[in-house]
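Engineer: One structure coming up, written as structure tokens, with questions to follow.
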């Protein structure tokens, strides 16, 4: 049948190559191409295209449905040519045969069968449950809205199921299979295939190829022979048996599908009285009709089934004849359905039970195979035991499940299990407070532990003093000198940090004692001076701690210019003693902490006796 619609194409600024293709498509449907170079002329072109006359659609006469496609309920046949064709279906169930060339086949409504044939074809099922077979060549197959079967055939094909529960088989070549929405099954022969949105099955689908090129079909014989009245007596010595022309020797259908049988019966004596169909398995809607509908049985197991279909005819004289053929019933195995669910979270060392959702349309007993990536953790019968881990942020482990039915159809799914690191903070103890003298070094020996036995980092600090290595586990600490007479308190702090950042801190107070030493003073040896003379006193003094000292002088006679300086000027007294006299000078030095030292020197004061002055007057 001709395309049911006329295609009018309006092109705005289309390149020459694309324009030629669109023109050819429009002309093959009785339409034409309307070029528009500027957007201002678009409305005028649309109006011209709408008002353009349409060619009359002339139905195509067909003789019969090719036997390979009888079981698909075909109501219309549309043939292409050996060239490049654009063929449209009708609202019914169409069989569209592209034959040779690079064809563009569109099924439209109905449950259509689209056969591209040799060449790089584009097949689109649109609505209905369609069967698409690209054949040899690099084909593009688009399923449409229904539950479709897409067979790419040899070549590098692109198959897209779109909506519905589809079956996609790329065949030989590097193919791209996109299941689309719905529960899809993707068959693949090549590792280089790109497979998206569907359950993957390695191999080929038993549903592909859809069919072969149509063969010539002879007109069927009359359903009922027309016979004249007859008399069986006397019978001829050797009655001629009725002749039943054989249908094709082998046909193939899927389990559960129905097939219209066609039988013809002829008899040279024209005295056939009865005929009946017999099948070794399955059902007939009417075994005594020449054209019954046969329904294939559902097959248990994985093997296909050969059913013998026999037609027997009987004439009025008791002679009979039979003819039979083998109907090959394909076991249409369904891939199991598997869903492992959303990602999970578990603590290290803990267990979790995985409960996959599994079903099989055939009700087969299934075999389960669990696995984990990288040998992380263990899984037995769906019970996952998380490993102990060192990673602070945890690790993601992929658990896989493969489910296989008895016929070898396999489906896989995986789930990500995030294993958390259950880290605990370390423990540190510096012990009780203690006392120590200034200026010495001590080794610090803290008590440190980590529940996970992790390698810890050490960080020592103090408000005074110094460490030989503040990152060491047992450093040497130098006690500082203190200027405080009563000593002073310093604080030592240790923080330990595990690899995941958890830490613990402890501190200890250390009382530093001041080891104060007394100062020293030396006024030198005793000495002599004359009365009323002056002498600078410069004692030798010092302090082991280099403390600043205070001085205190005293004299038993005479005078000092200062009684609190480090050096003093002594002025000897006058003496009336002819033999002179002794004066004692004492100095005491005291450090800031109260320790002192004293020294004394004896000074001999000599009398400077002046002889008397005598003057005698004459």
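The values are calculated or read from the model by the stated rules, or taken from the named source; none is laboratory data. In this text the structure is predicted, and so the values were computed from the model without any measurement. All Cβ positions, even for glycine, are placed from backbone atoms using ideal geometry, and neighbour counts span all protein chains on display.
Engineer: Can you tell me which condition residue 460 does not meet? The list is (1) crowded, with 18+ Cβ neighbours inside 10 Å; (2) closer than 30 Å to residue 477 by Cβ; (3) under 33 Å from the mean Cα position of the chain (by Cα), and all the others hold.
Structural biologist: (3)
Engineer: Can you tell me how many residues in the range 578-593 are surrounded by 12 or more Cβ atoms within 10 Å (Cβ to Cβ) and either without any contact (Cβ under 8 Å) to a residue 40 or more places away in the chain or in contact with a strand residue (DSSP E or B) (Cβ under 6 Å, 6 or more places away or on another chain) (or both)?
Structural biologist: 11
Engineer: Taking the condition of being within 24 Å of residue 458 (Cβ to Cβ) and part of a strand (DSSP E or B), how many residues in the range 474-510 meet it?
Structural biologist: Residues flagged as within 24 Å of residue 458 (Cβ to Cβ) and part of a strand (DSSP E or B) within the range 474-510 amount to 20.
Engineer: A follow-up question, please. Within the range 115-148, restricting attention to residues that are crowded, with 24+ Cβ neighbours inside 10 Å and assigned to a strand (DSSP E or B), which residue is farthest from the chain's Cα centre (by Cα)?
Structural biologist: Ranking the qualifying residues of the range 115-148, first place goes to 115.
Engineer: If you take the residues in the range 367-378 that are assigned to a helix (DSSP H, G or I) and on the phi > 0 side of the Ramachandran plot, which one is farthest from the chain's Cα centre (by Cα)?
Structural biologist: My answer is 375.
To keep it simple, each residue is scored yes or no on (1) touching a strand residue (DSSP E or B) at 6+ places or on another chain (Cβ under 8 Å); (2) assigned to a strand (DSSP E or B); (3) closer than 14 Å to residue 331 by Cα; (4) not assigned by TED's automatic domain parsing to the domain that holds residue 69.
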| site | (1), (2), (3), (4) |
| --- | --- |
| 259 | yes, yes, no, yes |
| 264 | no, no, no, yes |
| 270 | no, no, no, yes |
| 274 | yes, yes, no, yes |
| 277 | yes, yes, no, yes |
| 290 | yes, no, no, yes |
| 300 | no, no, yes, yes |
| 303 | no, no, yes, yes |
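Engineer: Answer yes or no: is there a residue in the range 34-42 that is surrounded by fewer than 15 Cβ atoms within 10 Å (Cβ to Cβ) and modelled with pLDDT of 85 or more.
Structural biologist: Among the residues of the range 34-42, not one is surrounded by fewer than 15 Cβ atoms within 10 Å (Cβ to Cβ) and modelled with pLDDT of 85 or more, which makes the answer no.
Engineer: Looking at (1) crowded, with 18+ Cβ neighbours inside 10 Å; (2) modelled with pLDDT of 95 or more, which is the only condition residue 516 fails?
Structural biologist: Here residue 516 clears every test but (2).
Engineer: Moving to a separate point now. Kindly list the number of the only condition in (1) within 28 Å of residue 374 (Cα to Cα); (2) out of contact with any strand residue (DSSP E or B) (no Cβ under 8 Å at 6 or more places or on another chain) that fails for residue 402.
Structural biologist: Checking residue 402 against (1) within 28 Å of residue 374 (Cα to Cα); (2) out of contact with any strand residue (DSSP E or B) (no Cβ under 8 Å at 6 or more places or on another chain), the one that fails is (2).
Engineer: Please determine whether any residue of the range 448-455 is surrounded by fewer than 14 Cβ atoms within 10 Å (Cβ to Cβ) and part of a strand (DSSP E or B).
Structural biologist: yes
Engineer: Now, a different point. Regarding residue 96, is this residue more than 27 Å from residue 11 (Cα to Cα), touching a strand residue (DSSP E or B) at 6+ places or on another chain (Cβ under 8 Å) and modelled with pLDDT of 80 or more?
Structural biologist: Spelling it out, residue 96 is indeed more than 27 Å from residue 11 (Cα to Cα), touching a strand residue (DSSP E or B) at 6+ places or on another chain (Cβ under 8 Å) and modelled with pLDDT of 80 or more.
Engineer: Would you please list the contacts, defined by Cβ atoms under 8 Å and residues six or more apart or on different chains, that run from a residue in the range 594-610 that is at positive phi and assigned by TED's automatic domain parsing to the domain that holds residue 575 to a residue that is surrounded by 13 or more Cβ atoms within 10 Å (Cβ to Cβ) and not in a strand (DSSP E or B)?
Structural biologist: Cβ pairs passing all conditions: 594/485.
Engineer: Here are 606, 526: which of them is loosely packed, with under 15 Cβ neighbours inside 10 Å and farther than 30 Å from residue 482 by Cα?
Structural biologist: Selected residue: 526, the only one of 606, 526 that is loosely packed, with under 15 Cβ neighbours inside 10 Å and farther than 30 Å from residue 482 by Cα.
Engineer: Which condition from (1) at pLDDT 95 or above; (2) more than 49 Å from the chain's Cα centre (by Cα); (3) over 15 Å from residue 435 (Cα atoms) is the one that residue 478 breaks?
Structural biologist: Condition not satisfied by residue 478: (3).
Engineer: In the range 311-328, is there at least one residue being within 19 Å of residue 412 (Cβ to Cβ) and modelled with pLDDT of 90 or more?
Structural biologist: No: the range 311-328 contains no residue that is within 19 Å of residue 412 (Cβ to Cβ) and modelled with pLDDT of 90 or more.
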